[in-house]
Structures are given as C-alpha cells and as structure tokens.
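J.: Shown below is the structure under consideration.
The values are calculated or read from the model by the stated rules, or taken from the named source; none is laboratory data. If you're wondering where the values come from, they're calculated on a predicted model, not measured in any experiment. FYI the Cβ positions are ideal-geometry reconstructions off the backbone, even for glycines, and counts take in every protein chain you see.
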Amino acid sequence: MLTRSAAILVATCLSALPAHAAFDDCLAGLRSAALAKGVSASTFDRATRGLEPDMKVIELMNNQPEFKTPIWDYLATLNDEEKVEEGKAMLRRHAATLAAAEARFGVDRHTIVAVWGVESDYGKSGGKMPLVQALATGACLAPRRQGFFRDELVSTLRIIERGDLDASDLKGSWAGAFGHTQFIPSTYLRLAVDGDGDGRRDLVNSIPDALHSTANFMAKAGWQTGNTWGYEVEVPEGYSGPSGRTSKHPVGFWAARGLKKVSGGALNGSGNAGLLMPAGRDGPAFLVFKNYECAYSYNGADSYALAISMLSDRLKGRPGIQTAWPTDDPPLSRAERRVLQQKLAARGYDVGEPDGRVGQKTRDAIKEVERQIGMKPTGRPGGKVLQALR
C-alpha cells in the first residue's frame, strides 16, 4: 500500500502528464509554423530539444506589477533618488552615444535613459528566463494570448537563425522582453538598429545598440522633437469634465475649464492633450501630449508611461510629482525598502538578502507585522509597517 506522501507524488506526476503531453504536441505544431517563417529545421530542433514548460510563466502572467501595484508604490521605486542619480551618471558616461542617438532620431537623451532605467535598472535587471522556454510555455499553455507567445517564439527563433544573437544571450522576462531596454523579439526584428557601427544589432551586449534602438522605437511611435510629454496640473474643485489619456483636446479647452500648472505657469504645449488622473480626483493630475503616448506604447500601462515621463523630468533637474497621493500609508523608496527588510531580519524573519526587492518572503513577514499592529495583512511594504519596526 502506498504511503500518503508516495500517493501524493504519484498523483502529482499523473496530473502533470497531460500538460507535458499537450506541450509536446504543441511544439510539434509550432515547428511547421516556424519553418514557414524562415526558421530552419536544425535551428528549431536545436533550440527546443529536451524543452520542458516553465509554469512560473503562467504565474507571472497573472501578476504584472504595473497593473496590480498601487501607482504610488510603482513610482516610488522607479523614480526614487537612487534611480535619478544613477541615471544622471549614465547621461555623463554615455554622453557621446546619447548625443548621436538624439541627433539621429530626434528623441531627447533624458527620455532614452529613462526608458533604460525603468526597463532594466540601467542594465542590471534584464531578466533571467530563457526566452525559448518562456515563450513556448506561453504559446502552448497560457490561458490567454497564446497567439502573442507563438509569434514571439517564432521571432526569437528568427533572431537565432539570423545570427544576431546566440540562444544563450536570449534571456529576459516571462513575456519575452530582453536586453538593456527590453525589446520583445518581434520589436527587435522590426526596430532594433546598429548603434556602435559593428554591423550587428545587439541589445544585450551593446549599450549603443540598445540606446539607439530605443530612440528609433520612440521616433517610429511618433515622437515630436522639442515637445513636452506633459506636466502636472491643478484641477479645480468640483471638476466634472472629460478625463483619460485618450480624451484629447486643445490646451485652450483645458484652460477654459480652470486647469492650471502646479508650477503656477499658464498651460502650454503643442497639439491636443488628455487629462490623466491615475489615482482619481484626489490624487495628482497631468496633461499628457503625443510624446506621452510614445512612452505608453512601450508597455501599454499609464503607470509605466508616467514612470518614464517623470524620470525623464527628474533627469533634467525638474521636481517630481508635487501633489500627494491619496493614501495615508506612504510608499517606500528602494533604500527604505532595504531598511524595512533589515528591520524584519533583525526580528528574526527570513527575508533573504535585504536588496530592496520585495519577494514572497518579505511579503509574508510584512503580513505578520501588519497583524501585530492591527492592520489588514496585505504584505505591502508601506510607511506604517516601517514606522512600527523602528
């Protein structure tokens, strides 16, 4: 008779068989699709030999931070002082490359560096998932967007086929984004350019290629040289007019409804603008123009586009967001998150390395502290928890 643990092991293995069988059958079907797009049989077989699905892809697909994290927490780590100072250092270190990209594509260097900072923390966090495995998992087993994963897998194999990059270089996010500025493979094929003059397009090992390619992305998205992405505004009390990124009107339309810059100046900007209130009427508000749309097109989330836009402003020496977010539990910067983890570790909680990245161990510890101080256990790294630990 099987022991309970053995029975669980057998049940687990049996339940996994259909998924693996479905994955293998799916790969066989993808092979013909890849070959029809110019991928050789040898390239496909070499890249997929012994491949197994990585179910972490499905988990991550359902937990995208730009859509689930409160915007004040999202921006707190992407626009903090560390990010700004590192970005300024990158502006100095790569001044010649950025000047060339700026002249070539008309996109200002601060925006290029802001994308770099938000996407990979200036090359330090480009992702570690092998792209072929991640994209094959999504193409065969994802509950949605299988067509997207299938197309990106084929594009990845085309990159390998062309010799642009080795398969070992193609590691990134669960959705296939890779390199310094996190292009997905189809975007790489379409918009990556040579920035260092060696005749290759390499967003993994060549910073000039990555920065020039990002500038090309923005230019192709319709970047308007010399124009603003937008700015923070004050909205009059009781305002009930239109809002939203896509409800665009001339600047005069917004001025007539009582909107003003938080800096005190008159509204300005070329073209139509939308009124963005990402946290509702009680939080910060922004007029956003065409260049904001270019940042939005990079990842399709207002929190993401605002992170790039505000970081580009900070890199120019401008102030950050002036209006308080509608929360009584302020967000924490990466430096403050490290302090929080150090405090938790000092109390005996296992949070791993205090690196400012909040993983499951840190969230579990935070939940315990929240219970102790009478808060709802959310696992969110906020100011109240940090204050309670001090």
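J.: For I160, all conditions in the list (1) among the aliphatic types (A, V, I, L, M); (2) more than 18 Å from the chain's Cα centre (by Cα); (3) crowded, with 18+ Cβ neighbours inside 10 Å; (4) in the same structural domain as G226 (by TED's automatic domain parsing) hold save one; what is the number of the exception?
T.: It is condition (4) that I160 fails.
J.: Just give me the residues in region 127-141 being in contact (Cβ under 8 Å) with a residue 60 or more places away in the chain, touching a helix residue (DSSP H, G or I) at 6+ places or on another chain (Cβ under 6 Å) and of a type outside the set (V, I, T), in sequence order.
T.: A134, A136, G138, A139, C140
J.: Answer with yes or no whether G382 is small (G, A, S) and at pLDDT 95 or above.
T.: Yes.
J.: Is it the case, given these coordinates, that K367 is in a loop (DSSP other than H, G, I, E, B) and surrounded by fewer than 19 Cβ atoms within 10 Å (Cβ to Cβ)?
T.: no
J.: Can you name every residue in region 175-196 that is in a strand (DSSP E or B) and in contact with a Pro (Cβ under 9 Å, 6 or more places away or on another chain)?
T.: Within region 175-196, just F178 meets the criteria.
J.: To continue, here is another question. Assess whether T69 counts as being modelled with pLDDT of 95 or more and not basic (K, R).
T.: So T69 fails the test.
J.: Could you give every pair whose Cβ atoms fall below 9 Å, whose first residue belongs to region 339-357 and is surrounded by fewer than 16 Cβ atoms within 10 Å (Cβ to Cβ), and whose second residue is aliphatic (A, V, I, L, M) and not in a helix (DSSP H, G or I), counting only separations of at least 6 or pairs across chains?
T.: Once the first residue is surrounded by fewer than 16 Cβ atoms within 10 Å (Cβ to Cβ) and sits in region 339-357, its partners that are aliphatic (A, V, I, L, M) and not in a helix (DSSP H, G or I) give Q342/V351.
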